[in-house]
Amino acid sequence: MFDSGPSKNSRPARRFRPARKHRRRGGRLVVILALVFMFGVGYSLLGLVQEGIAAPMGASTPAAEWSGFSHSYTIGSPAKEDEASTGQKTKEQTRKPPGAATTCDDVNVLVDRSHSLPSDYVPTDLVSLQDYRVPTLGSEVLRREAAEHLGRLVEGVTKVGEELVVASAYRSYEEQQLSHDRLMSVFGVGADSMSATPGHSQHQLGTAVDFTNGAAGYQVWAPFAQTSAYWWLEHHAWEYGFVLAYPRGKEEQTGYQWEPWHYRYVGVEDAKRLDKSNSSLQGFLERARTMPHC
């Protein structure tokens, strides 16, 4: 039990000085312990945010288990890579004019807070990133064209001695629902600025990825922006058709916080235009007006 010391009436004032000094030391100790506790709580909440934004940060749910959701999808194989490459060139040469998309498969389809994908939309050309030698934290899949270019991107960054690992790629409507619900249970409506609501996530398109690496502790969080691999992405990702989806300073336009780890594939030509114009992906897609009609 804490002893508050003798009363002022029964002891001379000089006898209180050591006690006050002792209490001051005790007070400092209490403040230090409180700060340590607050830091621990804050770190735990940060972990929840990371988990909600990037899906499970450990090994992802294996593809074989995804059939538990109401919509299953088929993973392709790189065996058809040559055929896919030919088809890719044809697709890029005959890309539809702005606003003409009749499906959600166009790489420039606008998906944001105001434009959503149907709950049953699943890309038909999903392939395993591991088949394209892309390091992942689990069994991640992406659309074939995006996976091919991502494989080349990883090869390029590896040649300069950097590491990139995909923490999250395609995410189904149901998976996004679970992710968003976890954040809502902690942050309430504030979760909407951290994670897209189901149907409004670019991950459902199968062309968006979340990066991390060893320098970032294999976590999906802001410190990734302090790594040299992020610097490389800033200067070279466009060469492979990828652009930063939610840049710093564009929060009001995108509706989401800055996410230095979140990149989306839009094709090399459009990524080059974006890099030269210094425009945001959101602004570019709004001008293109390729709506998700599917």
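Please treat every number below as a calculation from the coordinates, not as lab data. Everything numeric here is computed off the predicted structure, so don't read it as measured data. Positions of Cβ are backbone-derived with ideal geometry, glycine not excepted, and every protein chain shown enters the neighbour counts.
Miscellaneous remarks
- In terms of packing, defined here as the mean over residues of other Cβ atoms within 10 angstrom, the peptides 140-146, 115-121 line up highest first as 140-146, 115-121.
- Average projection, convex hull of the Cα set of region 164-278: 7.2 square nanometres.
- Here residue 228 and residue 120 are evaluated by their C-beta separation; at R0 = 45 Å the FRET efficiency comes out at 0.65.
- With a cut-off of 15 Å on the backbone N, the residues of region 221-260 near the modelled label site 7 Å out from residue 275 along Cα-Cβ are 230-245.
- Relative contact order, whole percent, for region 127-212 stands at 32, derived from Cα pairs under 8 Å and 6 or more residues apart.
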